[in-house]
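To keep things clear, I will list the structure first and then write my remarks on it.
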There are 2 protein chains.
Amino acid sequence: MPILQPIRERLLLGPGPSNAPASVLEAMSRPLLGHLDPEFLALVDRVKDGLRILFATANPMTLPLSATGSAGMEAALVNLLEPGDRIVVGVHGVFGGRMAEVARRAGAEVTTVDAKWGTALDPQAMADAIRRASPRVVAFVHAETSTGVCQPVDAIAQRAREAGALVVLDCVTSLAGRPVELDAWGIDAAYSGTQKCLSCSPGLSPVSFSERALERVKSRTHPVQSWYLDLSLLASYFAGAKRVYHHTAPISAIYGLAAGLDRVLAEGLPARFARHADAGRRLVVGLEPLGFEPLVAEADRLPMLTSVRLPARVRELGEATVRARLLDEFDIEVGGGLGPLAGEIWRIGLMGENARPEVVDRLLEALRKLLA
Amino acid sequence: MPILQPIRERLLLGPGPSNAPASVLEAMSRPLLGHLDPEFLALVDRVKDGLRILFATANPMTLPLSATGSAGMEAALVNLLEPGDRIVVGVHGVFGGRMAEVARRAGAEVTTVDAKWGTALDPQAMADAIRRASPRVVAFVHAETSTGVCQPVDAIAQRAREAGALVVLDCVTSLAGRPVELDAWGIDAAYSGTQKCLSCSPGLSPVSFSERALERVKSRTHPVQSWYLDLSLLASYFAGAKRVYHHTAPISAIYGLAAGLDRVLAEGLPARFARHADAGRRLVVGLEPLGFEPLVAEADRLPMLTSVRLPARVRELGEATVRARLLDEFDIEVGGGLGPLAGEIWRIGLMGENARPEVVDRLLEALRKLLA
């Protein structure tokens, strides 16, 4: 039996990947260029320009890291932290917890500020922790993919900067789906993924580092523990006047990202944000008669990832069974809960290409049949 | 101007990427599946089976790591090394040097055994260093992409195991191009890349870890410094009875790898190795009348990466200029030298799809015209 078998057409409404448009899939089938080919380097430069528009930043060090969003998180933290540095991490879901764990492995002294999963971080609690810890870095998650909470950024980032800390923001699920404003917010390091609201294949992590962040990296006394993620080395390939080999860039994935960026920019960010907001609202309204209740209060709710408590009918049938039937019989994927929310919620993604009314209606129709 | 522009058809005869066949490019354009979709998990299982054939190993922990070969190197070293552990690294080119650097960043005490670039490591010198250092790990490069040297593995690996060390082998350029025999050689951790003799796009690193290596990881007293590359966490997704989310696997890249493995296995490894050997010989013979001299003695020469000293005519014209003209006028990429060999040699890859007589002849014809 060949290893590669026919691939089913699924509607991907989990926490990512989302479905990629035809232009992105076609781009990845184009012939390979060498990673030092002037034409490829010019393409990488245009990709960097596009990413700067999405992140709303002028940061020269904005680039597609050659690994997934979790590696973007690790890159942000291991470049900015040295052993013994203090960091304050907001934790209101899996990804805040992961940040804390990555920071610990970088030898940092970690203070976490916890909030109930499904709620936003309390800016005052973050401010208090920042005042007490006087940390080198403050890190938190803009769009918590494990809960569907959108975290207001401004107040926390301002307090962090007033305290002289660098600010790291996880934008994995928000980028290209709702406003991300690195420069206006004063963010020093941000990372995202390609497989969420960008509707590209997973495998790259768009990252951006401010000049303050780069100065911090330059003044380190210990080398960055990861060679692969060392920003100074990455800069020699991605941003040097003469491009020097560091590792071999993932050519096809970058073609796909280029096509995805073209699609985002052709639509325009405001229209794209509005489309995500509309789709999220339509989903919540449509799920209500079926007995699904939003986990997150309306003010803190993400449009591209809706987490819902499950109705009695789904619990009777078994939530994993219903998800499996949705996949098997309707070719629709939705996500289960993580950690303490496993078995308690579903996570329904309407990301990028899938943030459309007809997609919402297809899911609702399938659920009505399954739960009848 | 759109970010994605038409892509030129290049003949990629540098140190990688090589050209991908149509089946691999087509595979990457298939619709996305979720990374926890049972159909995708079954595909990953078949990919792991295919990789075990290529690595000639029964290691259950054989998988496509979600980043390029350099991350595979880092994964091998940071999982097996703890701060203060001793390691002996053979250095006869860029990639041995990189291993030493990665090991240092993992807090290891590094002993290097150097050999002149363009020659193989002396097994006796390695044995002496192993005896003196009594290291936890011995690491070296099978196919040095910076010089074109093929390193005999058997004797060094045997000495390392006799001394109780784990053996790490860099197979980035050798895998699928000449025999790699992890189990017969007694290798504990190996890594490769997809963009060399596998003729897939860059972005994944096939890795394999022995049971001894996994025991070492289990008995660690410090957590692995990299969360992204932590083998125990990777195992929960790639090898657990129940597949648990760690990071989002690069779906399209794994489709491409699956198609590439199918092509390798349909050809058969012995035929593929013979094709690489034939192409390498044809190239050396054809380059001789043009004044290019092999850097590496015949016995130590890799077939898929030929490094050649440059004739006077190329030096007169400027070697970088000639390479640029080869690219601009003939759409052929060859690689320059690295480190002390920059400006001194070219590195010509005949990897995977490109290890064919007609490819060699196209390059020779272009060079004859350019150097006439």
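The values are calculated or read from the model by the stated rules, or taken from the named source; none is laboratory data. Note that the coordinates shown come from a computational prediction; the quantities given were computed from them, not determined experimentally. Reconstructed Cβ throughout: ideal geometry from the backbone, glycine too, with neighbour counts over all protein chains shown.
Figures for the structure shown
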{"read-out": "Subset of the stretch A:276-307 (residues that are under 18 Å from the mean Cα position of the chain (by Cα) and more than 26 Å from A:Lys369 (Cβ to Cβ))", "value": "A:His276, A:Ala277, A:Asp300, A:Arg301, A:Leu302"}
{"read-out": "Hits in the stretch A:205-233 (condition: over 21 Å from A:Glu181 (Cα atoms) and aromatic (Phe, Trp, Tyr))", "value": "A:Trp227, A:Tyr228"}
{"read-out": "One residue from B:Val334, B:Val284 being hydrophobic (A, V, I, L, M, F, W, C), buried (at least 18 other Cβ atoms within 10 Å of the Cβ), within 23 Å of B:Ser199 (Cα to Cα) and without any contact (Cβ under 8 Å) to a residue 40 or more places away in the chain", "value": "B:Val284"}
{"read-out": "Residue list for the stretch A:41-71, filter: of a type in the set (Ser, Thr, Tyr) and either buried (at least 24 other Cβ atoms within 10 Å of the Cβ) or more than 12 Å from chain B (Cβ to nearest Cβ) (or both)", "value": "A:Thr57, A:Thr62, A:Ser66, A:Thr68"}
{"read-out": "Lone qualifier among A:Pro31, A:Pro38, A:Pro21 - being of a type outside the set (Ser, Thr, Tyr), within 7 Å of chain B (Cβ to nearest Cβ) and at negative phi", "value": "A:Pro31"}
{"read-out": "Any chance A:Val217 is over 21 Å from B:Thr194 (Cα atoms), of a type in the set (Val, Ile, Thr), in contact (Cβ under 8 Å) with a residue 40 or more places away in the chain and facing another protein chain (nearest Cβ under 8 Å)", "value": "no"}
{"read-out": "Filter result for B:Arg8 (surrounded by fewer than 19 Cβ atoms within 10 Å (Cβ to Cβ), within 9 Å of another protein chain (Cβ to nearest Cβ) and among the charged types (D, E, K, R))", "value": "yes"}
{"read-out": "Any hit, the stretch B:136-157, residues being surrounded by fewer than 24 Cβ atoms within 10 Å (Cβ to Cβ) and on the phi > 0 side of the Ramachandran plot", "value": "no"}
{"read-out": "Residue in the stretch A:81-91 that is more than 30 Å from A:Leu326 (Cα to Cα) and within 11 Å of another protein chain (Cβ to nearest Cβ) present", "value": "yes"}
{"read-out": "Which listed residue, of B:Glu26, B:Glu74, is within 14 Å of chain A (Cβ to nearest Cβ), under 21 Å from the mean Cα position of the chain (by Cα) and not in a strand (DSSP E or B)", "value": "B:Glu74"}
{"read-out": "Leading residue by the ranking (nearest to B:Asp262 (Cα to Cα)) among those in the stretch B:220-237 that are surrounded by fewer than 23 Cβ atoms within 10 Å (Cβ to Cβ) and free of Cβ contacts under 8 Å to residues at least 12 places away in the same chain", "value": "B:Ser236"}
{"read-out": "The stretch A:179-208 residues that are within 14 Å of chain B (Cβ to nearest Cβ), paired with ones that are of a type in the set (Asp, Glu) and assigned to a strand (DSSP E or B) (beta carbon under 9 Å, 6 or more apart)", "value": "A:Tyr191/A:Asp170; A:Ser192/A:Asp170"}
{"read-out": "Total residues in the stretch B:201-235, condition of a type in the set (Phe, Trp, Tyr) and more than 19 Å from A:Tyr228 (Cβ to Cβ)", "value": "0"}
{"read-out": "Total residues in the stretch B:253-276, condition in contact with a helix residue (DSSP H, G or I) (Cβ under 8 Å, 6 or more places away or on another chain), within 14 Å of chain A (Cβ to nearest Cβ) and hydrophobic (A, V, I, L, M, F, W, C)", "value": "8"}
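Matching residues to (1) assigned to a loop (DSSP other than H, G, I, E, B); (2) of a type in the set (A, V, I, L, M); (3) at pLDDT 95 or above; (4) over 16 Å from B:Gly335 (Cβ atoms):
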{"position": "B:Arg272", "(1), (2), (3), (4)": "no, no, yes, yes"}
{"position": "B:Leu283", "(1), (2), (3), (4)": "no, yes, yes, no"}
{"position": "B:Glu288", "(1), (2), (3), (4)": "no, no, yes, yes"}
{"position": "B:Ser307", "(1), (2), (3), (4)": "no, no, yes, no"}
